[in-house]
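Shown next, in structure tokens, is the structure this report addresses.
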Amino acid sequence: MSHDLKLDLPAGLPFIDYEREFDYPVADVFRAHKDPELLKQWLGPRRLQMEVQNYEFRTGGSYHYLHTSPDGDPYSFSGIFHTVRENDCIIQTFEFGGYPDVVSLEFMTFKDLGEGRCRLVGHSVYPTLEARDGMAESGMESGMSEGYERLDELLESERVS
């Protein structure tokens with residue numbers, strides 16, 4: 001079963017809060033964030049190809065990946081993993097090449113709901129309201145929703161395998 005992404009942009013604050021439930025255990029959802037081979041199968045919209053250029057998933061590690069459109073337009077993303085706690089949380093910076101010089105700080109927690117289910121809760125902090133609004137208007141919500149749908153499909157295919 002697919003669950004809706006809940007996205008909130010609090011008025012007057014440079015934050016984006018989101019949450020999404022999954023019918024899979026925390027360990028599976030966390031592993032899909034940890035393993036670059038799994039990550040490139042679900043992160044982002046279906047129409048984009050993903051290339052992981054660097055992915056050091058550990059406290060102090062960095063990442064850089066590209067999404068490429070069918071027309072060949074590249075979309076670059078990079079950051080630093082500040083804290084990685086297995087099956088618990090990820091704190092990272094996030095920079096979209098389409099908005100250079102705007103770096104957000106993102107907190108993701110993985111909550112066990114019991115019965116093989118979990119909830120991913122995220123809180124992103126931007127330097128300004130304008131930066132937050134620019135990110136929100138870039139297609140963030142639809143890209144995240146589609147990515148999480150793809151994550152459901154990936155985890156279901158692994159469950160069946």
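Of the residues L113, L120, L155, which single one is part of a helix (DSSP H, G or I) and touching an Asp or Glu at 6+ places or on another chain (Cβ under 8 Å)?
Details: L113 fails: part of a helix (DSSP H, G or I); L120 fails: part of a helix (DSSP H, G or I).
From the options L113, L120, L155, the qualifying one is L155.
The residue that is surrounded by the most Cβ atoms within 10 Å (Cβ to Cβ), among those in region 132-161 that are over 12 Å from the mean Cα position of the chain (by Cα) and within 19 Å of I91 (Cα to Cα), is R132.
In region 97-110, what residues are charged (D, E, K, R) and part of a strand (DSSP E or B)? So that I can check it myself, show each step before the final result.
Step one: list which residues in region 97-110 are charged (D, E, K, R), which gives 101, 106.
Result: E106, single match.
Cβ-Cβ distances below 8 Å connect the following pairs, each with a first residue in region 48-72 that is closer than 13 Å to I90 by Cα, a second residue that is among the basic types (K, R), and a separation of six or more residues or different chains: F57/K34. Just one of the listed residues (G97, G143, G147) is touching a Gly at 6+ places or on another chain (Cβ under 8 Å) and modelled with pLDDT under 95, namely G143.
Return a yes/no flag: does region 9-28 have any residue that is of a type in the set (A, V, I, L, M, F, W, C) and farther than 26 Å from R132 by Cβ. Show your work before the answer.
Narrowing region 9-28 to residues of a type in the set (A, V, I, L, M, F, W, C): 9, 11, 13, 15-16, 22, 26-27.
Right, trim to farther than 26 Å from R132 by Cβ and you get 26-27.
Yes, region 9-28 contains at least one residue that is of a type in the set (A, V, I, L, M, F, W, C) and farther than 26 Å from R132 by Cβ.
Tally up the residues in region 86-130 that are in contact with a Ser or Thr (Cβ under 6 Å, 6 or more places away or on another chain), of a type outside the set (A, V, I, L, M, F, W, C) and within 19 Å of F30 (Cβ to Cβ), please. Number satisfying all stated conditions: 2. Among the residues making up region 66-88, those that are among the polar types (S, T, N, Q) and assigned to a loop (DSSP other than H, G, I, E, B) are S69, N87. Given the options F57, F81, F107, name the one that is modelled with pLDDT of 95 or more, in contact with a helix residue (DSSP H, G or I) (Cβ under 6 Å, 6 or more places away or on another chain) and not charged (D, E, K, R). One residue alone meets the criteria, F57.
Whether any residue in region 14-21 is at pLDDT 95 or above and over 15 Å from G122 (Cα atoms) is what I want to check. Let's see the steps before the verdict.
Looking only at region 14-21, we keep the residues that are at pLDDT 95 or above, and these are 14-21.
Checking the rest, the ones that are also over 15 Å from G122 (Cα atoms) come to none.
Checking region 14-21: not a single residue is at pLDDT 95 or above and over 15 Å from G122 (Cα atoms).
Per the listing S142, S124, S157, the residue uniquely closer than 26 Å to S69 by Cα, of a type outside the set (A, V, I, L, M), touching a residue at least 60 places away in the same chain (Cβ under 8 Å) and out of contact with any Phe, Trp or Tyr (no Cβ under 9 Å at 6 or more places or on another chain) is S142.
Restricting attention to region 65-112, and to residues there that are of a type in the set (S, T, N, Q) and touching a Cys at 6+ places or on another chain (Cβ under 7 Å), which single residue is surrounded by the fewest Cβ atoms within 10 Å (Cβ to Cβ)? If you could, list the steps in order and put the result at the bottom.
Our first condition is that a residue be of a type in the set (S, T, N, Q); within region 65-112, this holds for 68-69, 76, 78, 83, 87, 92-93, 104, 109.
With the extra rule that they be touching a Cys at 6+ places or on another chain (Cβ under 7 Å), the set shrinks to 83, 109.
Working: T83: 13, T109: 16.
If we take residues in region 65-112 being of a type in the set (S, T, N, Q) and touching a Cys at 6+ places or on another chain (Cβ under 7 Å), then T83 is surrounded by the fewest Cβ atoms within 10 Å (Cβ to Cβ).
Does P45 meet the test of being within 19 Å of G147 (Cα to Cα) and touching a residue at least 24 places away in the same chain (Cβ under 8 Å)? Judged against the criteria, P45 is a match.
The values are calculated or read from the model by the stated rules, or taken from the named source; none is laboratory data. Only a predicted model underlies this, so the values are computations on that prediction, with no experimental measurement involved. Neighbour counts run over all protein chains shown; Cβ positions are idealised from the backbone, glycine included.
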